Every structure is written in C-alpha cells, then in structure tokens.
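Colleague: Dumping the structure here so I can ask a few things about it.
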C-alpha cells in the first residue's frame, strides 16, 4: 500500500492533492429505526478490518516519509436504510462478496426478532463511519 502512495506522489503535480476516502476501521452496526427517528442497536457486524488498518498504517508511513502532509480530516456516519428483511438479506449477501468478510448468517435471526418487535413502519438501518482525508504532496 505504501508503494501505491509513493506512485501517487510521483505522478501528482507539486502541491497536488490526494483524497483518501474509505470506510473507517470499525465494525458496521445494524439496528432498527423507529418512525419517530430513534435508532436501536441490534448487533455489530464482524468484518475483517486488517486491510483498513493496513491502509491507515500506509498513510501514516507516507506522512512520516514526508511524501504528503495532512490538510484535512473528517469522519461521516453513513446510514443504509433497508425496508424489508429480504432486502437486508440481499444486501448482506452482496456485501459479503466484497472481500474478506465472514458469513453473517447469525445476524439475520436477531434482525428478524428486533424488526418483529418494532413498529410496522420501522426500518433496518446499517450504520458505519466513512473517513475522508485530504493530503497534499510535499516536495
């Protein structure tokens, strides 16, 4: 990953900017959103966060090597609203194909139970942080 940052440094013009936009190295959380806007956690997901942590370490190394300087940072709470259990299961199946993602069949009954206990107009909401870094090329 540091190699890719070195290559980005090489091809950027002087004082060029690099935008690093990735999911934060934290587990997404599945919950139920009531019609009144109250969100209640059902369970955190259990993704493999090794790649996210390695990417953060690569950024730290590139900054330490003075290839880039940190200009700005922000974290945004992203929310995926899902209307039905079948939509949630379809999303979960699709999501698990994106990499080293362990099976999450265990979470389906928990979400079903929580949704059955909730109001008829309640929705499933998956929350996760997105990190945004702006780095400027040095020398």
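Colleague: Considering every residue within the range 66-82, establish whether at least one is surrounded by 18 or more Cβ atoms within 10 Å (Cβ to Cβ) and either out of contact with any strand residue (DSSP E or B) (no Cβ under 7 Å at 6 or more places or on another chain) or assigned to a loop (DSSP other than H, G, I, E, B) (or both).
Modeller: Yes, the range 66-82 contains a residue that is surrounded by 18 or more Cβ atoms within 10 Å (Cβ to Cβ) and either out of contact with any strand residue (DSSP E or B) (no Cβ under 7 Å at 6 or more places or on another chain) or assigned to a loop (DSSP other than H, G, I, E, B) (or both).
Colleague: Of all residues in the range 104-139, count the ones that are in contact with a helix residue (DSSP H, G or I) (Cβ under 7 Å, 6 or more places away or on another chain) and outside any strand (DSSP E or B).
Modeller: Residues flagged as in contact with a helix residue (DSSP H, G or I) (Cβ under 7 Å, 6 or more places away or on another chain) and outside any strand (DSSP E or B) within the range 104-139 amount to 6.
Colleague: Let me ask another. Name every residue in the range 90-116 that is surrounded by fewer than 17 Cβ atoms within 10 Å (Cβ to Cβ) and touching a residue at least 12 places away in the same chain (Cβ under 8 Å), in order of residue number.
Modeller: Those that are surrounded by fewer than 17 Cβ atoms within 10 Å (Cβ to Cβ) and touching a residue at least 12 places away in the same chain (Cβ under 8 Å): 91, 99, 100, 101, 102, 108, 110, 112.
Colleague: When only residues in the range 84-103 that are assigned to a loop (DSSP other than H, G, I, E, B) and farther than 26 Å from residue 37 by Cα count, which is modelled with the highest pLDDT?
Modeller: Within the range 84-103, the match that is modelled with the highest pLDDT is 103.
Colleague: With the structure loaded, tell me whether residue 42 is at pLDDT 95 or above, surrounded by 15 or more Cβ atoms within 10 Å (Cβ to Cβ) and in contact with a helix residue (DSSP H, G or I) (Cβ under 6 Å, 6 or more places away or on another chain) or whether it fails that test.
Modeller: It is true that residue 42 is at pLDDT 95 or above, surrounded by 15 or more Cβ atoms within 10 Å (Cβ to Cβ) and in contact with a helix residue (DSSP H, G or I) (Cβ under 6 Å, 6 or more places away or on another chain).
Colleague: Return yes or no: is residue 58 assigned to a helix (DSSP H, G or I), out of contact with any helix residue (DSSP H, G or I) (no Cβ under 8 Å at 6 or more places or on another chain) and surrounded by 14 or more Cβ atoms within 10 Å (Cβ to Cβ)?
Modeller: The answer is no for residue 58.
Colleague: Next question. Based on this model, can you work out whether residue 83 counts as more than 28 Å from residue 3 (Cα to Cα) and in contact (Cβ under 8 Å) with a residue 12 or more places away in the chain?
Modeller: Answer is yes for this residue.
The values are calculated or read from the model by the stated rules, or taken from the named source; none is laboratory data. This structure is a prediction, so every number in the text was calculated from the model and none was measured. So basically every Cβ, Gly included, is an ideal-geometry build from the backbone, and we count neighbours across all protein chains shown.
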